[in-house]
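Asker: Please find one structure pasted underneath; my questions will follow.
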Amino acid sequence: MTKDIKRKLLAQQQVFSRMNFLFQAAHLMADREQPKLAAYYGKLCRNVGTKAVMHMAPAVKRQLCRRCSLPLIPGRNTELQLEEKSTEIKPKKKRNRRLKKKPNNDKREEAKSPLEPAPEIPKKTERIPVFLECSLCQSRRTFVPTESQRECWLEQPEAVVSEFSLREENGQ
């Protein structure tokens, strides 16, 4: 039973090292300004992981274009853009007539306590999305700044249950 587990872990380690090599090769080719070859290596990296049913880390996924698998390097092969504020006035959506009208509770609350000041509503900090536009396929990847509470679960320290090393188990 333990031999089967060791074989499986060894196979996963080999797949992981191949994915790592392909990812590094994709980044190297993207730096050398060969985007088609870099995208090919990125796609191979994804396909190897998919075939072996191994999940890529979210940080690695974010560095690849979703459409063509080109490593996204701002300034080299991607264009970094900020969302522009639109000056156009957007028309208000019409209310669905089927919905029942909600009672107006504001007047009732004012009548109960006319002397109490209204609580101040804290202003929300403005979050401006950042876009990375791929130079090869022109797809856009959006990154919206979020609070630390909304980080990916795998990137939080609480997600780590245990760590092990194959070298210690093999006696090397």
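Rule-based calculations on the coordinates, nothing more; no lab input. No experiment lies behind these values; they were computed from the predicted model shown. Neighbour counts run over all protein chains shown; Cβ positions are idealised from the backbone, glycine included.
Asker: So if we plug the beta-carbon distance of residue 155 and residue 52 into 1/(1 + (r/R0)^6) with R0 = 25 Å, what FRET efficiency do we get, rounded to 0.05?
Answerer: 0.65
Asker: Using modelled amide H (1.01 Å from N, peptide plane; none on Pro or chain starts), what sits under 5 Å from the amide H of residue 64, excluding residues fewer than 5 places away?
Answerer: It is 72, by chain and number.
Asker: Multiplying the sequence separation of residue 32 and residue 15 by 0.36 nm and subtracting their Cα-Cα distance, what value in nm do you get?
Answerer: Details: separation 17, 0.36 × 17 = 6.12 nm, distance 2.57 nm.
Once the chain is fully extended between residue 32 and residue 15, it gains 3.6 nm.
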